[in-house]
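Throughout, read-outs are computed from the coordinates displayed, never taken from laboratory work. Just so you know, these numbers come straight off a predicted model, no measurement behind them. All Cβ positions, even for glycine, are placed from backbone atoms using ideal geometry, and neighbour counts span all protein chains on display.
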Amino acid sequence: MPYFDFHCHPGLKPTFSDQKNAISPWLFIDAKLAIFKDIKISINPLFNEVLNSQSCLGQLYKGHVKLFGIALHSPEANMAKGLLEKKIVNKGAIALLDKKRLQLINSGNHYFELLNEDLQRITESKAPADLNRAALKIIKNSNDFNEDDPDTIFAFLIVEGLHCFFDDQTATNVKEVFTKNFESFTDANTIFAINICHIQQNSFCNHAYGIQFINPGYFFPTRCGISTWGFEVIKRMLEKKILTDIKHMSLFSRWQLYNLLRDPADSNKYTAPILCTHAGLTGQRMENRLKYILRVPADVGLVYEVVYMKPKSPYIDEVYFNCSSINLYDEDVEAILLSGGLIGLSFDQRILGFADENVLRDVTVPHDVEYISELEANFFFNGVNPSNMKPWTDDTKIWTSEDFENLDPAFDSILHPLFFLNQVIHVLTIAKNNANIGIQKAMKQVCLGTDYDGLINAIDNCKHVDLLDAFKTLTIAKMPKLLNDAKLGDEGINVNEFAENIFYNNGKNFLLNRLREIGK
């Protein structure tokens with residue numbers, strides 16, 4: 001069967017390499033550690049799982065991913081800065097990560113150049129001979145897609161972060177150049193959606209903290225909501241029929257966006273579909289967002305550090321949520337569903353509620369950490385002084401140290417599909433409890449949004465895209481009991497049909513219908 005992926009990065013990892021030796025996006029990247037000039041070895045399982053290819057074009061072709069969103073992205077300066085501070089990288093020991101290339105990225109003055117290189121790398125690369133007649137086609141309009149073409153995989157374009165349109169950010173005419181780049185690129189290409197921000201502070205809106213393995217101070221969200229310039233660009237996107245992907249926006253920024261898009265005549269309607277292409281869910285309503293804090297939020301300068309325990313799923317034993325605000329609250333899900341938008345579910349372990357092994361295996365109480373801007377603190381903490389907040393004390397409702405200590409890592413591959421299905425079930429439960437949505441509507445508005453090759457540690461059962469067949473079979477087998485346990489067994493859900501929709505039809509139909517709606 002064919003598959004749909006709302007968000008993946010087949011061209012991103014070659015960005016970090018010396019471009020004279022960069023690997024084709026069609027080919028599998030096997031990251032190696034250079035111990036001598038001509039001797040390279042594997043690094044370690046986790047590092048290799050993050051750096052090795054998860055969705056190169058060859059894998060997408062072999063895995064029957066017929067239609068997918070290519071997230072074009074210029075790595076931010078502080079990502080390169082943090083990588084260069086790693087001794088193993090600075091010494092040039094990892095073949096994939098070129099020191100001079102990272103230094104160029106670290107300048108922050110080549111984002112638009114990197115964006116164009118990412119697109120060029122994807123569009124100009126040819127499939128290797130062993131893939132016979134395989135080809136990639138970038139969709140510009142709905143008629144470009146032909147699912148009966150056995151040799152072609154089809155993609156649509158997303159730009160992950162408005163920073164990608166900057167050149168030299170120290171120039172006096174920086175806004176003029178940004179606007180010129182934005183207009184020229186979006187005129188020349190059919191851009192389906194754009195993320196307003198990514199993981200580093202930017203000029204357009206405050207972001208949600210979302211990185212684990214580099215100095216957190218480089219990625220503190222220190223501003224407040226959407227800026228005047230940000231609103232200008234979002235309105236221009238609306239004029240150009242480009243959708244907003246809310247992933248990475250801070251909670252306050254998201255709330256401002258919903259207010260902008262909400263129909264003034266009907267609070268349950270929106271003037272444009274809202275997307276989250278690679279989402280995870282907190283499992284909480286907004287009013288409970290600080291319910292499961294591990295300790296009193298600490299003011300660490302410009303931001304508050306908030307540490308969450310992992311609340312248990314009400315649907316599945318031994319499954320938990322990640323409460324960080326980069327994930328969606330129930331009200332976020334409602335806004336997307338009411339707007340007629342689409343939720344792509346990430347395959348990132350941490351986002352789904354488990355955790356990267358290098359984070360979780362070394363802690364006493366499983367938890368997630370984020371940082372909240374002092375300028376958004378009044379909104380985020382509901383007007384309460386963070387120093388007066390009380391940590392959660394009932395260990396029957398959270399993932400405890402004892403639970404985790406007794407968890408055999410070999411059991412992870414059994415748990416990870418349940419963490420994914422927990423997200424699906426929670427979307428349906430939110431919809432069931434909202435009279436303006438309902439389960440049947442929500443079942444058409446959820447799909448895969450793996451974030452493969454976005455430097456994630458993917459779920460163990462589906463580390464790369466050509467394992468989707470087995471993963472889908474597994475989810476179908478587990479779904480009937482889980483739906484019954486979640487009190488959704490009487491909702492008339494055909495499990496096989498629902499799985500087909502999640503893994504392919506929902507995304508395909510949404511994309512093609514949207515293109516037709518905007519005259520493409």
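Would you kindly give the portion of the calculated P(r) for the range 427-507 that falls above 14 Å, as a percent of all Cα pairs?
68
Cα extents of the range 73-193 along the three principal axes, largest first, in whole Å?
Principal-axis extents of the range 73-193 (Cα, largest first): 48, 40, 18 Å.
For the range 253-345, what are the per-bin percents of Cα-Cα distances with bins 5 Å wide, up to the bin holding the maximum?
3, 13, 19, 20, 17, 13, 10, 5, 0
Using only Cα positions of the range 106-259, each an equal point scatterer, no hydration layer, compute I(q)/I(0) via Debye at q = 0.21 Å⁻¹ and quote the log10 values to two decimals.
Here log10 of I(q) over I(0) equals -1.37.
Apply 1/(1 + (r/R0)^6) to the Cβ-Cβ distance of Asn21 and Glu183, taking R0 = 22 Å, and write down the FRET efficiency to the nearest 0.05.
Values: r = 34 Å, r/R0 = 1.54.
Here the calculated transfer efficiency is 0.05.
Pop the C-beta distance of Phe28 and Asn116 into the FRET formula with R0 = 30 Å and round what comes out to the nearest 0.05.
Efficiency, from the Cβ-Cβ distance: 0.75.
For the range 275-327, go through all pairs of different Cα atoms, get the mean of 1/r, take its inverse, and jot down that Kirkwood value in Å.
Working: mean 1/r = 0.0806 Å⁻¹.
So the Kirkwood estimate lands at 12.4 Å.
State log₁₀ I(q)/I(0) for the range 377-520 at q = 0.21 Å⁻¹ as given by the Debye formula over alpha-carbon point scatterers of equal weight, solvent excluded.
Per q value, in the given order, log10 I(q)/I(0) is -1.30.
What residue among Pro297, Phe219, Leu418 has its Cα farthest toward the positive end of the dipole of the chain, where the charges are +1 on Lys, Arg and -1 on Asp, Glu, each on the Cβ?
Phe219
Let me understand the range 90-153 better: what is its radius of gyration from the alpha carbons, and its Dmax, in angstrom?
Looking at the range 90-153, its Cα Rg and Dmax stand at 17.1, 49 Å.
Rounded to whole Å and ordered largest first, report the semi-axes of the equivalent ellipsoid of the range 127-205 derived from its Cα gyration tensor (root of 5λ).
Semi-axis lengths for the range 127-205 are 34, 14, 12 Å.
Please list, in order, the residues from the range 494-520 whose amide nitrogen is less than 18 Å from a point placed 7 Å along the Cα→Cβ vector of Glu147.
Those under the cut-off are 494-517.
What base-10 log of the normalised intensity I(q)/I(0) is obtained for the range 198-313 from the Debye formula, alpha carbons as equal point scatterers, at q = 0.22, 0.24 Å⁻¹?
Treating every Cα as an identical point scatterer, log10 I(q)/I(0) equals -1.42, -1.52.
So between Arg133 and Phe213, what do we pick up on full extension, going 0.36 nm a residue minus the alpha carbon distance?
24.8 nm
Pick out, from Leu483, Ala470, Asn494, the residue whose Cα sits farthest towards the positive end of the charge dipole of the range 462-520, with +1 on the Cβ of Lys and Arg and -1 on the Cβ of Asp and Glu.
Ala470
Bin width 10 Å, origin at 0, all Cα-Cα pairs of the chain: what percent of pairs per bin?
P(r) for the chain, in whole percents per bin: 4, 19, 31, 29, 14, 2, 0.
What fraction of the Cα pairs in the range 173-221, stated in percent, has a spacing above 18 angstrom? Spell out each step's value before the answer.
Values: 573 of 1176 pairs.
For the range 173-221, the fraction of Cα-Cα distances above 18 Å is 49 percent.
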